[in-house]
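See below for the structure under consideration.
The values are calculated or read from the model by the stated rules, or taken from the named source; none is laboratory data. Fair warning: this is a prediction, and the values are worked out from it, not measured in the lab. Here the Cβ is made from the backbone with ideal geometry for all residues, glycine too, and neighbour counts use every protein chain on show.
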Amino acid sequence: MPPKKHQSTKPEPKTKGDNVDEAPLQAVVLADSYNRRFEVLCQDQPRVLLPLCSTPLLAWTLESLSLSKVKQVFVFCGVHSDKIRSFIESSPYRNTLDIQCLSSQTAMSAGDALRELDDMNVLNAENPFILVHSPIISNYDLSKMVEAHKKRREEDKNFIMTMGVGQGGRQHPESPIMLVHPPSSRLLHYVQNPISPTQPRVAFPSQLFLDPFPTNIDTYEIWDLGIDICEADVPALCTENFDYHDMRRHFVNGVLTSELLGKKIAVHLVGDQRSGNGGTYVERIRDTRTFGEITRDVLRRWAFPLAPDNNEPGGVQYELRAGNVYIAKDNVVLSRTTTLSGPLLIGPRSALAHNTHIHQSTLGGDCTVGPGTTITQSYVFDDVRIGANCILRECIIGEGVIIGDDVKVGKGALLGNGVRLGKGTIIPEFARIGRDRYKGDDYDSDEEEEEDEEEKQQRLEVLGPDSTGYLWPNEEEEPDSDSDDEGEDPYEHPRNKRLLQLGRRLSNLSTSTVSLSTLSKASSSEASSPLSVASSASTLPDLAPLNLDQGPREEFYTEAKESLERAYEEDHKVENAALEMRTLVMGENAGQDAAREVILEFFLSKINVKSDSTAGDILKQTTEIFEKWGQLVRSFSTSDYTLIAIDIQKFVIQNRTQGESLKQWFGILLRGLYDSDTLSEDELIDWRDSSISKGEGTNDQEEKKMWLEVYKKGKPLVDVLEQMESDDDDDDDDEDEDEDDEEEDSD
Amino acid sequence: MAASASLKSNDPNARLTEALCTSLRRRQIVGSLNVALATAALIQNIVRSARYSTIDELLALIKSVGRRLIDANPKELAAGNIVRRILRLIREEYRAAAAAHIVSAPGSAPETPYLGPTTPGISAPLNHYLNLSSNTSSSASEFNFFSPSSSGGGSHGPLIRQTSLSNFVAMRHSRAQLERSGSLVDLQLSQSTNNLFTRNNSSNGYPPETPGVSSITPNYNTSKIDSEEFMKQSSKLKPVLIQAIDEVVGELETTHEDVAKGAKEHIHSSEIILTMGHSKTVEAFLKQGYRDRKFTVVVAESAPSYLGHSLAQSLSSSGIPTILIPDSSIHAILPRITKVILGAHTVLANGGLFALSGSLACALAAKSHSKPLVIVTGQFKFAPAWNLYHDFAAVDFQSPSKLFSSSSSTGKDSTEIINPYYDYIRPELVQLFVTNEGDHSPSYIYRLIKEAYDEEDVEL
């Protein structure tokens, strides 16, 4: 353990100009992602040089850093370090920042990178540095975070790192759960919490709650910014523990759980909580999903003043038009019939032919788009030729790609640099196509096997003979790279990884938005609080059943039945039974419809139908049951009581055992409901007039017939009721046909 | 002429320029006055420390810096205005100094004869320069304006032209303009220097076409002054130039007070005045006015910046009865208002202006209720831009986060949020501009702008 380095220099306010006495604020940018999410697009360039709104990610990052008064930047490159070097050589940031490229071919993870950094001895040991994990776009002054860190460290030397967290924002598959002690901002616990597969339980060590912190849990939606303020201890610790790879999974958890170390990690909430995070925007590009989201955010000016028309240094000049449409001022050719719907960006010297439709996309420089082509939510890099009548949806097209006529590119597809697609090719959804063949992790240049026949067949099938490029395996099929003995990264789970792709929707997953809980000082009742913490903590992730469409889980039905059984047998009050049901509905997130169905089903099954039952019998039973329980049914159908009738009809039709016997008595059931005031006359008339009751809801002919059949059984009763009503009012009944029906059917 | 001049990358001035550009681009310096002051400080620094051998080079250098500043944030037109103003001052000072140099030259330089009164081209203008204020019919200006072909003295020019009154008015105008733009002096100078030049080439004839070219620039002349001679001059000139810029800075710093001086002429007792935003000029104006008159101020809160809140606080803390209203009530409260006073971000040559968003709503409401709209502003905000067709982005769209908290994840993608910072107010909505140098109607603004800047600087 390195001795705690005393901060000899007092943190002075930064002044501009070169104050030699003060150590410059340093930042380390990890240029390599140490994962393969962008790999198809990164065959000849590193991820940090991918253009977002035609500006390389590294430029955005450097701009964000120099905004934060950073003076010295170390760009830690893995592959393609020569490209990064030459980019930095020619970038205007060289004038304002001291940028150094450090390259290493051996670093395979962020932990490795920090170890090498420690070896290189370039960092100022006295001062903290900013560690940027992935390319960021931010208009936040990170030096505020550094100041806060220094202040914290003045109080307690054991704070070795401050993690930036943001509030709000979108749901992302990589949202951790953090437990924080607010007064000191100290991070207590860190759990990774992938959306899919959901972790049913999260374990928190009990000593968290036994600690002197009296606890209750406030929840915020907080996410990890991937920006850390690190002391020199951090790389040193990485060197000591050679098994630290992932900064979050290994390092943070390692530090937090190690009693011996006694080090602490703090979090810093970026932006103001009160005023809608005060115009600060900090996002990082982690995967193709965030790439798309952030591009649209930038075009919508969330990152203002970082916006395309705000004259990025050395960048292209854009003209902003209505609807967040950015057109480069340099020779863009738009046809009169081109339709543009923002937010979108068109790079310099691009030409769009007639009848092109561009929607929420970015086009790089020197692109041509053929007539009749539609591009939707896609990100096209520089120098791409797109033919006529193509359809591009939610894809990323790499540099220099040539797309022939009539090509369809499906959702989420990634086309690597230099791919060429022949006429009429149809690229399936989420396909990845690279210029070179896919290389797995175990790839060895010696054993370059030839493309086998099957693979070739498949390639030809998809891409056609005119195309150049190779189909890559899908993300989820991709062999897992991280199957080390130390356990794999939950975020790299295939199911979670799919969600990181461009074009995947999260909205159909239920939202488990509770990603952070902080422990705040409880005002009272210390004794009771640990209990509440434990219970709420353990139920947190349970909120996320993924199958909303299929209705509630099986347990709901069994539980509901049991509860009703109890109520029925023990003759509970209706209010109590309703309360119980409601709790159950809430707990299982089941919804009213399901509840009503289950209640009706239960009570209808209580009607005892024998082969020799008479109509009178049935009516009596029905009336009796619903006289007592009708209110319960009604309380679960707030808006439309006709649904009760429809549900009964459905039950009668679909329930094999009970329903069959009740089918013929459907009219009687309705009568019983009417007599017991469960359904009023108007509601029954509504039922009669609704189309669902006549079986319009189904496509199946057979089933429709059954619905109609049952409907016929119920209709006369309603007609009679209506008749009676209108007779009372001395009104003419002009529905002759109803009268006829009534004559023959009424019993 | 400007292309060659740019700062070396290792020059400290280049760093300062870069720093100012960056902070303009990042919106770390906002507000016309702040931008203007920062620009003036930067230019002063450049004048003080940059290396230049001719005045030309200096002007080109300043121009290139000005261009960069404008590029860095095209919406802050004040930067360009200040650069133009300083350019003009430098030219004036230079001409004055150069003329003085030439006048004093007979004594100082050993070879005097060519500057003597025998030279026909120079005597009259020189004389004219010295008696500039009294001399109404200047031979040089007529000369410049009317007769490109007339050679040398041009003493017969005015005589021909002064016959008609309309001509006389036209001449007055052109003369006034020339005087302002300095080309009067310029012309004399060109003649003198040309003489100097021609003497060196041992040619006595005066080229007849030269004086007629109205757009003679100092560069043309000064390039002919040999650098040695200029260096002597420039060492003397530098403090003068710096002093001139100091004056500009001083003028900027006292803008608010100067504007506010007229407050009591414009505000009557027991008026109810509507304003919005937090313009420092308006604040000073109202506070000054309250010393003499008692009135009430209604402040619209000016969402989404809510600058109205701080203005209301500031006004009420100095005892002015203040009412804060939401923007939505502007139209409703207007019948009770007697006058609308707004600040400006930039005033354009057509008399239109950019002001904080919401100002247009105020202006239109005032128009529909026939209440006077008074704009109070310093003249440094007058920009030589004709914004009859202003481009869409000119109203400076900001981040939507002010309107819409991004903490709710839904809606960020589905809603298009438009948050302009400025409104463009058409000239016909404005009744009066109250500036630090008098009150003007919108239709007169172009004139002030024409007088304030040299024409060649309009495009930096």
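Taking region A:82-110 as the range and being among the hydroxyl-bearing types (Ser, Thr, Tyr) and within 33 Å of the chain's Cα centre (by Cα) as the test, only A:Ser109 passes.
Looking only at residues of region B:47-71 that are of a type in the set (A, V, I, L, M, F, W, C), under 20 Å from B:Leu252 (Cβ atoms) and crowded, with 23+ Cβ neighbours inside 10 Å, we find that the one that is farthest from the other protein chains (Cβ to nearest Cβ) is B:Ile62. Selection over region B:340-360 of residues that are of a type outside the set (A, V, I, L, M) and touching an Asp or Glu at 6+ places or on another chain (Cβ under 6 Å) gives a count of 3. For A:Val146, the conditions (1) surrounded by 22 or more Cβ atoms within 10 Å (Cβ to Cβ); (2) touching an Asp or Glu at 6+ places or on another chain (Cβ under 8 Å) all hold with the exception of (2).
Scan region A:321-345 for residues that are under 26 Å from A:Arg170 (Cα atoms) and within 11 Å of chain B (Cβ to nearest Cβ) and the total you get is 8. Scanning region A:297-306 for residues that are in contact with a strand residue (DSSP E or B) (Cβ under 9 Å, 6 or more places away or on another chain) and within 8 Å of chain B (Cβ to nearest Cβ) yields a count of 5. When B:Leu334, B:Leu311, B:Leu342, B:Leu315 are screened for being part of a strand (DSSP E or B) and in the same structural domain as B:Ile272 (by TED's automatic domain parsing), only B:Leu342 passes. Residues in region B:339-353 that are farther than 14 Å from B:Tyr421 by Cβ and either out of contact with any strand residue (DSSP E or B) (no Cβ under 6 Å at 6 or more places or on another chain) or among the small types (Gly, Ala, Ser) (or both): B:Leu348, B:Ala349, B:Asn350, B:Gly351, B:Gly352.
Considering region A:29-78, and only residues there that are acidic (Asp, Glu) and within 25 Å of the chain's Cα centre (by Cα), the residue that is farthest from A:Asp98 (Cα to Cα) turns out to be A:Glu39. The single condition among (1) surrounded by fewer than 19 Cβ atoms within 10 Å (Cβ to Cβ); (2) under 29 Å from the mean Cα position of the chain (by Cα); (3) at pLDDT 95 or above that B:Lys280 does not meet is (3). Looking across region B:24-33, the residues that are modelled with pLDDT of 85 or more and either within 15 Å of the chain's Cα centre (by Cα) or closer than 10 Å to B:Leu69 by Cα (or both) come down to B:Leu24, B:Ser32, B:Leu33.
Taking region A:67-86 as the range and being buried (at least 20 other Cβ atoms within 10 Å of the Cβ) and assigned to a helix (DSSP H, G or I) as the test, the residues that pass are A:Leu67, A:Ile84. Of the candidates B:Val248, B:Val299, the single residue that is among the aliphatic types (A, V, I, L, M) and either in contact with a Pro (Cβ under 7 Å, 6 or more places away or on another chain) or in a helix (DSSP H, G or I) (or both) is B:Val248. Just one of the listed residues (A:Gly404, A:Gly410, A:Gly342, A:Gly387) is crowded, with 20+ Cβ neighbours inside 10 Å and modelled with pLDDT under 90, and it is A:Gly342.
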